[in-house]
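The values are calculated or read from the model by the stated rules, or taken from the named source; none is laboratory data. Because the structure is predicted, anything quoted here is derived from the model rather than measured. As a convention, Cβ positions derive from the backbone with ideal geometry for all residues, glycine included, and neighbour counts pool all protein chains shown. Quick note on the areas: whole protein, heavy atoms, side chains included, nothing else; ligands and nucleic acids left out. Shrake-Rupley method; radii C 1.70, N 1.55, O 1.52, S 1.80 Å.
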Amino acid sequence: MEAVALAATAIWAGELVIMPTETVYGLAADATNPRAIERIFALKGRPPSNPLIVHVNSVEMARTCVSAWPERAQTLAQAFWPGPLTLVLPKSPTIPSAVTAGLDSVGVRMPSHPIALALIGLCGRPLAAPSANPSNAVSPTRVEHLRPEILAGVAQVLDSGACDEGIESTVLQVLPEGIAVLRPGAIPRSELERFGPMLERGERSLSPGHMPRHYSPASTVKIVQKLEADDTGLTFGPARSPSQIKMPCDAKGYAHRLYDALHWLDAQGPDCIRIEAPPDTPEWEAVWDRLRRAASPK
Ligand code: TXA
Ligand code: MG
């Protein structure tokens with residue numbers, strides 16, 4: 001708890017902190033401090049056009065970040081918070097425009113990780129936190145994945161071991177006409193359908209997390225049907241060498257393991273990481289999204 005108190009002091013001073021969440025590790029700062037937000041963008045090398053998610057510890061705090069809190073948002077928050085669902089809603093003036101990349105909307109989520117909740121509570125304000133990787137690299141799901149250039153720019157690292165989900169939150173736009181998935185993630189689309197008509201587009205074009213190349217290791221990534229014996233990569237069958245990792249056959253287990261496996265293989269410096277194609281069924285949507293991005297040409 002002492003570490004969390006020190007981290008809160010750093011956040012108050014406008015510094016950056018590595019914060020565990022149930023999805024991936026975040027690079028957290030005071031969401032109401034434009035200077036601190038600038039430091040996040042600089043440290044990640046993130047394009048200023050890509051908005052940050054704001055983390056809260058209650059619906060009450062979420063409501064200070066938005067200018068409207070429709071019934072649909074309340075119902076979704078009741079069903080999924082604390083947890084890996086980010087709600088995109090019209091933003092309030094409390095949130096500086098640097099956080100939202102100039103958009104009129106803001107992404108808010110209440111994480112379920114006790115350390116994240118304690119940190120937000122001690123800070124008494126919302127925390128902006130992108131995944132704690134350099135822009136376009138694979139998100140960290142353990143502190144061992146944190147890159148030296150990121151570590152050099154933070155006041156503190158709150159280590160909580162491996163993240164439970166291992167894949168980012170689902171980003172959902174909440175509109176009067178319905179809801180739109182802007183980024184598939186830890187909450188599958190099938191669990192959201194009952195909360196309103198699923199809109200195809202929303203402001204998808206304005207969600208720059210949807211740049212084609214994202215979540216990529218340094219090595220080239222190829223999606224294949226089956227690994228050969230001397231390939232480096234991820235397989236569903238038995239691993240035939242130390243440079244093959246046998247992945248879980250269920251989507252949730254696979255997502256939990258994916259980034260850790262990519263970080264590990266990438267660190268071996270192979271020319272190419274080959275990944276066996278998972279099933280083409282709805283529960284694999286978020287995993288497929290990350291695999292396609294990792295495999296998109298450099
Ligand atoms: O699980 C997560 O969401 C993690 C943990 C740390 O909470 N955070 C995370 O943040 O993945 P980041 O910055 O790596 O990804 C944020 C995504 C991007 O795709 C961004 O475009 C989208 O959320 N986003 C944020 N605010 C948005 C907005 N107002 N409108 C549309 N998309 C938004
Ligand atoms: Mg990210």
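Just a few scattered comments:
- Taking only Cα atoms of region 211-298, radius of gyration then Dmax in Å: 11.9, 34
- Once the Kirkwood radius over Cα pairs is known for the chain, the Stokes-Einstein relation at 37 °C and 0.692 mPa s delivers a diffusion coefficient of 170 µm²/s.
- For a straight C-alpha distance cut-off of 29 angstrom, the lysines reachable from K44 (same-chain residues fewer than eight places away being disregarded) are K91, K222, K252, K298.
- Region 215-261, relative contact order in percent, only Cα pairs under 8 angstrom and at least six apart counted: 23
- On region 210-282, 56 percent of the accessible area sits on carbon and sulfur atoms, based on a 1.4 Å probe.
- Entry note: region 75-221 has Rg to Rh equal to 0.95, where both radii use alpha-carbon atoms and Rh is the Kirkwood radius.
- Alpha-carbon Debye profile of region 73-116, log10 I(q)/I(0) at 0.18 Å⁻¹: -0.59
- MRE, 222 nm, helices only [DSSP H, n ≥ 4, -39500 (n - 2.57), over the chain, to nearest 500]: -8000 deg cm²/dmol
- Taken per residue, the accessible surface of the chain reaches 42 Å², heavy atoms only and a 1.4 Å probe.
- 0 to 90° range, to nearest 10: angle between helix 285-295 axis and the chain longest Cα axis: 70
- Entry note, the chain: relative contact order of 20 percent, from Cα contacts under 8 Å with a spacing of 6+ residues.
- Between T220 and D280, the C-beta separation translates, for a Förster distance of 35 Å, into a calculated FRET efficiency of about 0.95.
- Subtracting the Cα-Cα distance of S241 and E177 from their residue separation scaled by 0.36 nm leaves 17.9 nm.
- In plain terms, the C-alpha convex hull of region 1-107 casts an average shadow of 6.8 nm² when viewed from every direction.
- On Cα atoms only, tilt of 71-80 relative to the major axis of the chain in degrees: 50
- Only protein atoms count toward the accessible area here, which uses a 1.4 Å probe; on region 10-51, the carbon and sulfur part of that area reaches 56 percent.
- For T21, the residues whose amide H sits under 5 Å from its own are G26, ignoring neighbours fewer than 5 places away on the same chain, with H placed 1.01 Å from N.
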